[in-house]
Amino acid sequence: MQVWVRNGYWLGCLCGLVIAALGCNRNPYQQNPYVAMGAGGVLQPTQQALMGANPMAHPAAPQVVDLQRRVQVLDETNRTLTTQVAQAQQQMQVARDRADLLAKQLQDTTGQLQQSLLAQRQTESQALGIQASMNKRGGAKLTANNSLPISTNAPQIPGARMVQDGDLIRIRIPADQLFGQGTAQLVSSGSYLLDQVATSISGQYGRHRVAVEGHTDTGALYGGAFSNPTQLAGAQAQAIIDQLVRRNNLPAQQLFVVAHGPNHPIGDNQTAAGRADNRRIEIVIYPETF
């Protein structure tokens, strides 16, 4: 009996060894080759079990490769878009520079055109003045009094002075009473003064030729629209004629501009008082009629 038991014991051991050697898929205690014990006792897929000796052999490997390919495509697209944005910004800057250049050229051209028109007006007015002077010397038609004395009925104009100059009458007005210094913009008080001048001309000398002469001092012009005193003198004289015609209804053919600038001073340009005297408008009444 003891011998049988002993033999049975060894037989059982032998069977156990065979089973252990062959393995049993249903053994609940056998470790899953695809799961490894991680830190803290958490089961994790082992890299060897998932990937094997060749990483590409795992079913997830094509997905990883596809993701890598998409990332690369996105990176290349991003670089392309960045280059295109930089090029667009450069093109916009070039367009802005061209627009600024065109605007400056247009402004310069406009200024030159205005100066040309002003010079043309001055030339035409000076030609009329020369023609009137030549006609006077050549025996043009005059009024009964060739000397054209100041009429005793002419009303006094506050702020202006009437001066007899040979056969001419000059109504002398300080330019500072008519314009802001260095400008050709009439002030409100200046417009009222010119209303009285227009009344005197239309009442006493309605058929006589009238020149509006602009005079300046020799001082420099700062921050204005005129590059030299003669341009300023012509613009001021033209502004007066515009008012006399539009507001006071004097005939346009009766009036003409003469821009003397600083060429005929009546005061000392080295003193403030002398320069103020030189800045003046003279409305000159000729004996010739029209």
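The values are calculated or read from the model by the stated rules, or taken from the named source; none is laboratory data. Computed from a prediction, not measured in an experiment: that's the story for all the values here. Counting neighbours? That spans all protein chains shown, and the Cβs are built from the backbone with ideal geometry, glycine included.
Can you tell me which residues in region 209-224 are surrounded by 18 or more Cβ atoms within 10 Å (Cβ to Cβ) and not β-branched (V, I, T)?
R209, A211, E213, G214, H215, D217, listed by residue number.
So, in region 202-217, how many residues would count as being within 13 Å of T289 (Cα to Cα), charged (D, E, K, R) and not in a loop (DSSP other than H, G, I, E, B)?
Final tally of qualifying residues: 1.
A quick yes/no check of all residues on (1) at pLDDT 95 or above; (2) over 24 Å from G166 (Cβ atoms):
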{"site": "V257", "(1), (2)": "yes, no"}
{"site": "D268", "(1), (2)": "yes, yes"}
{"site": "D277", "(1), (2)": "yes, no"}
{"site": "E282", "(1), (2)": "yes, no"}
{"site": "I285", "(1), (2)": "yes, no"}
{"site": "F290", "(1), (2)": "no, no"}
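Mind checking which residues of region 228-254 are more than 10 Å from A198 (Cα to Cα) and in a loop (DSSP other than H, G, I, E, B)?
Those that are more than 10 Å from A198 (Cα to Cα) and in a loop (DSSP other than H, G, I, E, B): N228, P251.
T109 fails exactly one of the following numbered conditions: (1) of a type outside the set (D, E); (2) under 22 Å from V257 (Cα atoms); (3) modelled with pLDDT under 85. What is the number of that condition?
(2)
Check off (1) small (G, A, S); (2) within 24 Å of L113 (Cα to Cα); (3) within 33 Å of the chain's Cα centre (by Cα) for A252 and give me the number that stays unchecked.
All conditions are met except number (3).
Among the residues of region 165-211, what is the count of those that are charged (D, E, K, R) and more than 25 Å from G267 (Cα to Cα)?
3
Which residue out of V258, V284, V187, V197 is without any contact (Cβ under 8 Å) to a residue 40 or more places away in the chain and of a type in the set (A, V, I, L, M)?
From the options V258, V284, V187, V197, the qualifying one is V187.
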